[in-house]
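Trainee: A single structure is presented below for examination.
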Amino acid sequence: MPQDYRRFNGPEDSVSYKRFTKDYLKPYNILNDELLNAKELRQDGRALTEARSMCMFFATTQVVSQAKGSAYVERDKTKIICSVFDPREIPHQNEFSQLGQIYCEVKFATFSCPRKRRPHAPDAEEKALSVALRKALEPAVCRHLFPNYQVDVFVYILEHDGACLSNAINAAGLALADAAVPMYDVITASTIAVVGDKIFVDPTESEEYVALTSPETNINHGVIILSMLPELKQISDFTHIGSMDAECITNAMDILEKECIKIVPHVQKVIVANLVKGFEERKKLEKEAAEREQLLNTKMEEWKKLLNAG
Amino acid sequence: MITDNDELKDFKLRPMKCECNYLNRSDGSAILSQGQTVAVVSVNGPLDIKMQSQSIGKATLEVLFSSKGGKPSIGDRYKEHVIRQTCESAILGCLYPRTGITVTIQELEDYGGFLACCLNACCLALLNAGLAMRHTFAAVSCAIDEQGNIQLDPAPAQLETSRATMTFVFESREKSLVTAFTDGSYSDSAYSEAMERCRSASDLVFQFYKQIVSKYSYVIG
Amino acid sequence: MSEVYKLIHPVKFFNDYISKNVRPDGRSFSEQRNIKLNVDAIKTADASALIKCGNTSVICGIKLELATPKAEEPNKGFLITNVELPPLCSSKYRPGPPSDSAQVTSNIVSDIINNSKCVDLTDLCIVPDKLAWVLYCDMLCLDNGGSLVDACIITLMASLKTLRLPTVTYDPETEDIKVDTNVQTKLKLNGLPIATSFAIYKYMDRNVTLVDPSSYEEDMCGGLGANLILCYNKGFLCSSQKFGGSNFSVDCEEKALKIAKERAQLAEEVIDVCIKNYESKTNTV
């Protein structure tokens, strides 16, 4: 790989030190057994069907002051930040497009993945996530309202602990709402991981890793991500990686739909809280401005009186 | 084209030689050597540029630096940034709106004080190109060794043993500081003293510019 | 209303504030923004720190790797710093390879760290000529509100202070490497460079020095980032860069040096308090 001359580069042969630790190369069976303990609880104490909380404390908007709209989502350890910019002209395009475009870019921070350091240049996984994000957001945004323009959505994954694409979609939905981009509905997404007959809702990185490495026997394994528009009851994106039978998938879809609907009240609370805060700030500023104007008016009256007297 | 050094031992800079109009296809060019460090600069402008790069109120300055090795690196971008900021403060860009001015620097030899040599060569090339400037600028570099002695325009041997190197760029009207950049660690007093020494030494460089311009023009000098 | 005025007459808008000795965001010329610092937020990184200074947010993550030292410097490890300015942080940056401003900022930060010699590269060597640590320090700007270099340096220093190197055993005969993450040693730091940015604006016939400029003030003073960056490392200046903006006179310079020195002490206290809180929390847990 040619050295990137626009960045400072380290030695080409550097490897992560984790490769030399004792518990790096664990066989699949042991990793599989480690996922659930005796009481059927996962490594972080959750039940199989319990998702990580996305209540108001872990999702905020208006985090990036320079962007039109932005959002930050934190699900236990997975941390994702997203910013949305004003519509701008589509670069390198000559023909008129009837619908506006959404330009998405998903990027992992170099220090975000636990197993290795990610390169600065976008690799295939990031490009695939960017395309998936765009496909998920397109049905939700009223693209006919900004023809021939594009809205930029940039997502940065600061820490990767599973369920990255679904949380990126959640963050992007919040950021688009914060940026006042016209949308048909709120967009939410969730992930499940399937290992054999166990379904893990909102998997962590170690659970996803086990689900994506293929076992020796022919059992169901994989990861499914579903994003939907809850009011309209429409699915905007469905991504499935792995191998499983049709019954498993239909079962999984029911679970995922319920999960997506569970997130909706949290998203609504965040957006409404933001709106209320904005209104109150505006009212306060207007009140202060009115007070100052009144002071100036009284001063004007005094001076007029002085002028007339003199 | 050759200038004699000042008799004072303290303010001795390495001998400077310059030739203007060195390149026949540019609007202005200069090749300057300070001691054994050599740089050649070519200036083109005002030019017609793309609508996107145009700026309504002033000229757009573009600086390109190529090193001797040819392979681009991050250090090159830094040098371009420094040269660009210095030239922008000097050129009266408001007189050339919606145009572009390109400054290209090619490194030929680096034997100490290279960026200072580039900046001086840029000033000469801009003068040669006839662009309207607010002031001319002169760059002087110096090195501070472990004992605290200040050496102006250091040679590579002195750079090896120095604890800090500094380059200051002054303008001709009030001798105020236009650009500065340093390497290494030093104390406040060393910094102020070095700046004052370089400020006085910049007189020599300005004198050199006057000599060069008078040799190339028929009216002045 | 003021937004419209700001767009139509940007220079007059700014001058109106400067003439009353105040900046558009309400600060005086030498008032700095508060620094909020948090360490070890990212558990996948070997050390991390997040700073929020006004609107500027920068996060630094350090990843450790092992490599063979360079042949010409067999007893030195590697310290690679990179600053990334993604399009997320401001509309000025487009997606793609690092822009010129990112490269320049990266270069300035890297120069400051190398000049201050705060990390002795020989400390990073495990076995000379065979094995050494590589510290990949990546600073990611989440929100560009001005004074980027300051924020990058503070967050980098805070992460280096919390970094712990695991012990490595190397068997020279079998060339076998074993890493034990349970026994960790702190990285030794000599010195703590802290940078202060200034913007220099020419108002009428005098020069106004604005400490800790916001991105709007940096734009008004001529463009790409701060005009003057002074970096203090335990009482010694380890870097001074000035480009652009207005020209600088001697008395402004002395004032700036004094302000930079005070800010360095303040930032050092902030980092110490933050790390003490973090360490007491991890020791009790």
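We did not get these values from a lab; they are worked out from the coordinates using the rules stated. Quick caveat, the model's predicted, so the values are computed rather than measured. Backbone-built Cβ (ideal geometry, glycine too); neighbour counts: all protein chains shown.
Trainee: Among all stretches of chain C without exposed trypsin sites (Lys or Arg not before Pro) (DSSP loop, at most 13 other Cβ atoms within 10 Å), which one is longest?
Mentor: Here the longest run is C:71-187.
Trainee: Hey, another quick one. If Lys and Arg each add +1 and Asp and Glu each add -1, what is the summed charge of the other residues whose beta carbon sits under 10 Å from the beta carbon of A:Asp185?
Mentor: Net charge in that neighbourhood comes out at 0.
Trainee: Give me a single rounded figure for C:66-78: the average over its residues of other chain Cβ atoms within 10 Å of their Cβ.
Mentor: 2
Trainee: What are the aspartates and glutamates whose alpha-carbon lies under 17 Å from the alpha-carbon of C:Lys12, with same-chain residues fewer than 8 places away excluded?
Mentor: Reachable aspartates and glutamates: C:Glu3, C:Asp25, C:Asp205, C:Glu217, C:Glu218, C:Asp219.
Trainee: Please compute, for peptide C:246-253, the average count of beta-carbon atoms on other protein chains lying within 10 Å of each residue's beta-carbon.
Mentor: 5
Trainee: Name the lysines eligible as straight-distance cross-link partners of A:Lys22: C-alpha to C-alpha under 20 Å, and not fewer than 8 places from it in the same chain.
Mentor: A:Lys22 reaches A:Lys116, C:Lys43, C:Lys63, C:Lys178.
Trainee: How high is the relative contact order of chain C, given as a whole-number percent (alpha carbon pairs under 8 Å, six or more residues apart)?
Mentor: 18 percent
Trainee: By the scheme Lys and Arg +1, Asp and Glu -1, what is the net charge of all other residues having a beta-carbon under 9 Å from that of C:Ile177?
Mentor: Net of charged neighbours comes to -1.
Trainee: List the residue ranges in chain A for DSSP H helices whose C-alpha atoms run 27 angstrom or more along the long axis and whose Kyte-Doolittle average is -1.0 or above.
Mentor: A:246-309
Trainee: Count charges around C:Lys52 for me, please; just the other residues with Cβ under 11 Å from its Cβ, Lys/Arg as +1, Asp/Glu as -1.
Mentor: +1
Trainee: Something else now. For the range A:117-274, what is the relative contact order in percent, using Cα pairs closer than 8 Å and at least 6 residues apart in sequence?
Mentor: Relative contact order here is 21 percent.
Trainee: Could I ask something else about it? List the chymotrypsin sites (Phe, Trp or Tyr not before Pro) within the range B:137-221 that DSSP assigns to loop and that have no more than 13 neighbouring Cβ atoms inside 10 Å.
Mentor: Those satisfying the criteria are B:Tyr218.
Trainee: Sticking with this structure for a sec: ³J(HN,Hα) across the range C:169-180 via Karplus (A = 6.51, B = -1.76, C = 1.60, θ = phi - 60°), whole Hz, x for Gly/Pro?
Mentor: 10, 10, 9, x, 6, 8, 6, 8, 10, 10, 10, 10
Trainee: Take the Cα radius of gyration of the range B:1-118 and divide it by 2.2 N^0.38 Å, with N its residue count; two decimals is plenty.
Mentor: 1.19
Trainee: Still on this model: How many angstrom lie between the C-alpha centres of the range A:7-35 and the range A:186-255?
Mentor: 26 Å
Trainee: Which pairs, out of B:Lys58/B:Lys215; B:Lys79/C:Lys117; A:Lys68/B:Lys71, put more than 29 Å between their alpha-carbon atoms?
Mentor: In this structure, B:Lys58/B:Lys215; A:Lys68/B:Lys71 exceed 29 Å between Cα atoms.
Trainee: Right, something else. Using each residue's phi in the range B:136-142, evaluate 6.51 cos²θ - 1.76 cosθ + 1.60 at θ = phi - 60° and report the 3J(HN,Hα) Karplus result to the nearest Hz, with x for Gly and Pro.
Mentor: 8, 10, 10, 10, 10, 10, 8
Trainee: Specify the longest stretch of chain C that does not include any exposed loop site, a site being one of the GluC sites (Glu not before Pro) with a non-H, G, I, E, B DSSP assignment and at most 14 other Cβ atoms within 10 Å.
Mentor: That would be C:176-285.
Trainee: DSSP loop chymotrypsin sites (Phe, Trp or Tyr not before Pro) in the range A:1-38 with at most 15 other Cβ atoms within 10 Å of their Cβ, which ones?
Mentor: For chymotrypsin sites (Phe, Trp or Tyr not before Pro) across the range A:1-38 that sit outside H, G, I, E and B with at most 15 neighbouring Cβ atoms in 10 Å, the list reads A:Tyr5, A:Tyr24.
Trainee: Please express the Cα-Cα pair-distance distribution P(r) of the range C:182-235 as a list of whole percents, one per 5 Å bin, running from 0 to the bin with the greatest distance.
Mentor: The calculated distribution, bin by bin, is 4, 18, 19, 15, 11, 9, 8, 6, 4, 3, 2, 1, 0.
Trainee: At what distance in angstrom do the alpha carbon centres of the range C:102-150 and the range A:51-101 lie from each other?
Mentor: Taking the Cα centre of each part, the range C:102-150 and the range A:51-101 sit 30 Å apart.
Trainee: May I ask you to evaluate 6.51 cos²θ - 1.76 cosθ + 1.60, the Karplus curve with θ = phi - 60°, for each residue of the range B:191-203 and list the ³J(HN,Hα) values in order in whole Hz, giving x for glycine and proline?
Mentor: Karplus values, whole Hz, x for Gly and Pro: 4, 5, 5, 4, 5, 5, 4, 5, 4, 5, 5, 5, 4.
Trainee: For the range C:205-285, how many pairs of lysine residues have a Cα-Cα distance under 22 Å, where the two are 8 or more positions apart or belong to different chains?
Mentor: Counting lysine pairs in the range C:205-285 gives 8.
Trainee: When ranked by the protection proxy of mean other Cβ atoms within 10 Å per residue, highest first, what sequence do the peptides C:139-146, A:59-66 form?
Mentor: So the peptides C:139-146, A:59-66, ranked by packing, come out C:139-146, A:59-66.
Trainee: Moving on. Give the average, rounded to an integer, of partner chain Cβ atoms located within 10 angstrom of each Cβ in A:144-156.
Mentor: So the per-residue partner count for this stretch is 2.
Trainee: For the range A:196-241, which GluC sites (Glu not before Pro) are both in a DSSP coil and crowded by at most 14 other Cβ atoms within 10 Å?
Mentor: Loop-located and lightly packed - A:Glu216, A:Glu231.
Trainee: For chain C, take the longest principal axis of its alpha carbons; what is the angle in degrees between that and the long axis of helix C:10-19, to the nearest 10 within 0 to 90?
Mentor: 90 degrees
Trainee: Calculate the length of the line joining the C-alpha centroid of the range C:204-264 to that of the range B:157-221, in whole Å.
Mentor: 20 Å
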